[in-house]
Every structure is written in C-alpha cells, then in structure tokens.
1. Order these by the 10 Å Cβ neighbour count, fewest first: 6, 206, 31.
2. Dipole size in debye (nearest 20) for the chain around its Cα centre, Lys and Arg Cβ +1, Asp and Glu Cβ -1?
3. Quick check for me: using +1 on Lys/Arg Cβ and -1 on Asp/Glu Cβ, what's the dipole size of the stretch 2-116 about its Cα centre, in debye to the nearest 20?
4. Can you give the net charge of the other residues whose Cβ lies under 11 Å from the Cβ of residue 260, counting K and R as +1 and D and E as -1?
5. Normalising by the residue count of the stretch 204-339, find the relative contact order in percent from Cα pairs under 8 Å and 6+ residues apart.
6. Identify, among 291, 327, 306, the residue whose Cα sits farthest towards the positive end of the charge dipole of the stretch 266-337, taking +1 on the Cβ of Lys and Arg and -1 on the Cβ of Asp and Glu, with the dipole about the Cα centre.
7. With contacts defined as alpha carbon pairs under 8 Å and 6 or more residues apart, what's the relative contact order of the chain in percent?
8. How high is the relative contact order of the stretch 19-122, given as a whole-number percent (alpha carbon pairs under 8 Å, six or more residues apart)?
Amino acid sequence: MEQTIYRGLEGVHIDTTTISRIDGQRGELIYRGYDIRELADKASFEEVAYLLWHDDLPDRAQLDAFHAELAPNFTVPEPVFEAFRSMPAATHPMHAIRTAVSLLGALDPEAEGVDDANVHRIGLKLLAQFATFTAAYARIRDGKDVIAPDPELSVAANFLYMLNGEPPTPAATRVMDVALVLHAEHGSNASAFVGRATASTLTDVYSAITAAVAALKGPLHGGANIGVMQALEEIGSVEAVDGYVVDTLARPNGRVMGFGHRVYKVVDPRALILKDVAKHLAEESGDSKWFEMSLEMERVMDREMAKRGKQVKPNVDFFSASVYRMLGLPRDMYTPIFAVSRISGWMAHLYEQYANNRIMRPRLTYDGPLGRTFRPIEQR
Ligand SMILES: CC(C)(COP(=O)(O)OP(=O)(O)OC[C@H]1O[C@@H](n2cnc3c(N)ncnc32)[C@H](O)[C@@H]1OP(=O)(O)O)[C@@H](O)C(=O)NCCC(=O)NCCS
C-alpha cells in the first residue's frame, strides 16, 4: 500500500497542547493565550516560566512563592563542577551542559518517578540550575573561580552575575530577561519534540531533558545563533556581507544561518523584537557594527531569495547573536543561553506528556532490497 511520507515530520500533529500556539501566516506566537510581544515588553522570565507551568500569570504572592521555591535550587552539586574541570578547555559548552543534566540525574536518588509531584520537583531544580551550571562552565573553562548564586536575584540577573562576577546593571538584566522570555517556548520544535518522545517511554525527566539538550545543540536548531556570529565575524564588514550571502547561496545546500523557519513564512515575531533590542543596544553602546552587518544581511537575503521566488526571513537566532555580542557574552555560550531559557518550555511539555502519555512510535517506509539469499562469510 502506498504510504504518505512526511519528511521532517512536516505538518504532522502529534497531540494537542495548551502551552503555546504559532500562527505562521500572521507571524504570531502566543504562550497560553498571551501574545509574545506583550510578554517580552512587560513580563520577567520567572513570570513566563510560571505561566508555562501553571496555565496563567502569577499574582504577586504566587510569584514570590515561586521565587522562594527556586532560590534554594540555584546551588549546583560539586560533582558537576568537577566534571567540568575534567573536560578539555575546547569542549563545546553544549557537551558540558548535556553532561551536567545527565550527571544531575545520576546524583538524584529520586530521579525515576514521573508522577506530577516529582516531575515538578525536578523541573524547579533544573530551571534554577541551568543558569548556575552554564555560567559556571563558562568560568571554569576560562580558569576562573565559580561564583555562587545570589538567592535574592532573578534568573536573568543571577546568570549575568555568576558569569561576570559583578552585579549586572538593570538595563543588562532587562535585555537578558527579554531574551529569556523570547526563547522560553516554541511548540513542537525539534528539541521539545525529542524531549516529549523520550518522556513518552516513561523514562525519567533528566533523560528526557538530556535528549532535548542534545537536539538543541545542532546548527539547524539552537546552534544557529553561534553560526550567525561566526559568519558575522568571518565577514568582518558591512561591505563584505553581499559577497558572503551570494557565495553561500551559490553552494549546494548553502544555508545562511539565522534565516528560515519551518512554520513562520512571513515573519518570526521574536526576530522583530530582538531586532529592536539590537538597534537600541547598538545606539547605546556605540558598537553598531554587528547590527549594521545584520541589517545588510537581511537586505541581501531578501533580494537573493526574491530572485528565487522564496521568502526566507530572519528567525529568533539571527538578532539574538548581535544582542548577546553587545552584552559582552562569549560566542560559544549563545546556544547554552538558549537552553537556560528553553528548560522552562521543555518542562511544560514534559508535564503535558507525562500527564496524558502514549508512547511515540512512528513508522519508516522500507525502501531496501528484498528476498536476498544468505551466503556464509567465506563465500562473500
Ligand atoms: C530552520 C530550517 C532548518 C527550516 O528548515 P525546513 O523547514 O526544512 O525548510 P527547508 O530547509 O525545506 O527550506 C525551504 C526552502 O528555503 C530555503 N532556505 C531555508 N532556510 C534557508 C537559509 N537559512 N539559507 C538559505 N536558504 C534557505 C531552502 O533552500 C529551501 O529551498 P528549496 O525549497 O528550493 O529546497 C532552515 O530554514 C535552515 O536551515 N535555517 C538555517 C538554520 C537556522 O537558522 N536555524 C534556526 C531555526 S530557529
């Protein structure tokens, strides 16, 4: 029987969800009914994480209680730092982050339970600890001391504090908060899907999140923000952007990192917000090179794609690269920062998956040889 094959699972709906909705035609993203533009403008990352986990925004008392639950979890067990110290300095930080999640599972005597209470307990722990171990890894591989978290600070402020060793300015904290809000959740993207598929075997939360981190690392997913900055650094000037884009597109399967999206075909609303943030930072800091190169890249991509009858627009990773650069964050930490935020969305998906589970088991259509005759090894 002829089977329909959905390559890349395009258009396949694996379940219903109440976490978020992407409208690719209108360029709209909502988290539990709230427009991302309003959340980025007005909400903190903690409010958004609460929203993703508890269906609605918290009131003041609920937010304070949420922070009080998170604060004791900021501290990461020492064996995680020992593992980081044992890694070569050139280790891709996403290997370190993935290993940290896996190790936290090994260190947790209650790791196995997938009942609601245990999943929430581990979710709080991971949400708090992603910021701590990500910042710690950046310092350890640079030969610096680990900075202990400040339980009074928000996730955004704590992350910058633990990375740099000094309290961040309110403006830097706000930019970090906006970036974390925008990266928190995005439906059935590759890493959330992998996390859900892994959880669907009823394995533990740490295993599912380890798998999600592994998927995020790839250059077609969260790894693209590192690719964007690598490209901008390689290009070096606004004048050289045109040639770079044209040459890249001329190569077989040539991809310009930070452009294109499976679902958004008109505009990625997160890219629009980050573009504004990048513009603002460029004006404030006087370091406008990265933003100007990004604008030029967007212009040349529009022109080149129009020639091919396509629309391939900037995605979330495109302007986040120059935003992080202007915040002074190390390039190879861009994807880990994505993970510091996305752990909130991954956990929301695991809550949904464990609460109404069916194992994920798609099919492949066999297209290989049939009826072969086995020959003993001496005769092959
Ligand atoms: C995100 C991405 C993986 C989506 O993949 P997808 O839904 O499978 O879309 P496709 O790869 O089929 O792309 C559709 C068309 O647009 C083109 N296209 C898409 N993204 C492109 C890019 N970044 N550069 C150049 N061309 C691109 C493809 O060549 C393809 O053309 P074709 O139909 O003639 O083959 C893809 O756009 C990409 O590789 N982007 C770069 C990596 C990136 O920024 N990832 C972060 C995503 S948030």
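1. 6, 206, 31
2. For the chain, the charge dipole is close to 1640 debye.
3. The dipole of the stretch 2-116 has a size of about 580 debye.
4. Residues near residue 260 contribute +3 overall.
5. Dividing the mean separation by the residue count of the stretch 204-339 yields 36 percent.
6. 306
7. 23
8. For the stretch 19-122, the relative contact order is 12 percent.
Read-outs: derived from the displayed coordinates by stated rules, not from any lab. Note that this is a predicted model, so its numbers are computed, not measured. Methodologically, a virtual Cβ is constructed for each residue, glycine included, from the backbone with ideal geometry; neighbour enumeration extends over all protein chains shown.
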